[in-house]
1. Quick one: length gained pulling Ala54 to Glu18 fully straight, 0.36 nm per residue minus the C-alpha distance?
2. Determine the relative contact order of the chain: mean sequence separation of Cα pairs under 8 Å and six or more apart, normalised by residue count, in whole percent.
3. Once phi is turned into ³J(HN,Hα) by the Karplus curve 6.51 cos²θ - 1.76 cosθ + 1.60 with θ = phi - 60°, what whole-Hz value does each residue of the stretch 24-31 show in order, with x for glycine and proline?
4. Based only on other Cβ atoms within 10 Å, what is the fewest-to-most ordering of Lys5, Lys70?
5. In which sequence would Thr10, Thr58 go, from the one with the fewest C-beta neighbours within 10 Å to the one with the most?
6. Ordered by residue, what ³J(HN,Hα) values in Hz, to whole numbers, does the stretch 6-12 give under the Karplus form 6.51 cos²θ - 1.76 cosθ + 1.60, where θ = phi - 60° and Gly and Pro are x?
7. HN-Hα J couplings of the stretch 49-62 from phi, Karplus 6.51/-1.76/1.60, θ = phi - 60°, integer Hz, Gly and Pro as x?
8. Given the Cα-Cα distance of Gln43 and Cys30 and 0.36 nm per residue of separation, how much length would full extension add, in nm?
Amino acid sequence: MEVTKDMLITDILEKDPEIAGILMNLGMHCIGCMAASGENLEQAMAVHGFPEEAVDKTVEMINAFLANKKA
C-alpha cells in the first residue's frame, strides 16, 4: 500500500522509519511530537505553510523512496 496525504504521520513512519529523514529535510521537525499521531500528512504540511502542490510532490517522493527500497 502506498502512502497517501490523508495518512497519519505516525502511520507513515510505521511503514518505514527512514521517511522521517525525508520529512525533516523538508523542515518538518515535529515528527515525534503529539500532533504526529493526530494529524495527517496534508494537515501537518499545511501547518508548516506548504502549499497543496508540495503535499502531492512529497507523497510522490515518499512513494518513490519506498518503491526504490523494494527494488
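Derivation of every value follows stated rules applied to the coordinates shown; laboratory data play no part. Computed from a prediction, not measured in an experiment: that's the story for all the values here. Note: ideal-geometry Cβ built from the backbone for every residue, glycine included; neighbour counts use all protein chains shown.
1. Taking 0.36 nm per residue and subtracting the Cα distance, the gain is 11.0 nm.
2. 40 percent
3. 5, 5, 7, x, 9, 8, 9, 4
4. By the 10 Å Cβ count, ascending, the order reads Lys70, Lys5.
5. Working: Thr10 13, Thr58 21.
Listing Thr10, Thr58 from fewest to most nearby Cβ atoms yields Thr10, Thr58.
6. 9, 7, 5, 4, 4, 5, 5
7. After applying 6.51 cos²θ - 1.76 cosθ + 1.60, I find x, 7, x, 4, 4, 5, 4, 4, 5, 5, 4, 4, 5, 5 Hz.
8. 3.4 nm
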